[in-house]
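Asks: Questions regarding the structure given below will be posed in turn.
Derivation of every value follows stated rules applied to the coordinates shown; laboratory data play no part. Not measured: the values here are computed from a predicted model. Ideal geometry is used to build each Cβ from the backbone, glycine not excepted, and the neighbour counts take in all protein chains shown.
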Amino acid sequence: MGKEALSLMKQYIALIHKDAKSDYGVSFPDLPGVISAGSTLDEARDMAAEALAFHIEGLVEDGEAIPEPSSLEEIMANKDNKDGVAVLISAPTSVAKSVRVNVTLPSDVLDQIDQYAEREGFTRSGFLAQAAKKAMVA
């Protein structure tokens, strides 16, 4: 599979979680560590789609296999998933080629970025790309 395209559109089940005093959190049971959030349900779904796209892009870049999506029955059979609301998120049908860049940042800011990205389930690059896209929309 080339870096430029994925052959078939896949849809992954994402679980949306919401506590009374929190944003909407989104996780992908088939892709541990791929998580996202949003202050509204629409924003959570959009951010989940971006997180999924970044993760798949990383798998493609690393030459790793993209896992097959599980069925709703398989995911909901896990008792840990029962408190989430299941939604389908489409994987990208094509993956843009990543370009390596050099960026100079203060070391304390870089440390904060890395800590945040790890805590939220992103790579550094994935987090920076997502943050930049979010900033450009605002």
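Asks: Could you order peptides 34-45, 99-110 by the average number of other Cβ atoms within 10 Å of their residues, highest first?
Replies: Highest mean packing first, the order is 34-45, 99-110.
Asks: Can you find, among PRO32, ALA77, VAL60, the residue sitting farthest towards the positive end of the charge dipole of the chain, where Lys and Arg contribute +1 and Asp and Glu -1 at Cβ?
Replies: Projecting each Cα onto the dipole axis, the largest value belongs to VAL60.
Asks: In the chain, which whole DSSP H runs stretch at least 27 Å along their own axis (Cα) and average -1.0 or higher on the Kyte-Doolittle scale?
Replies: Sorted by number, the helices that extend far enough and score high enough are 41-61.
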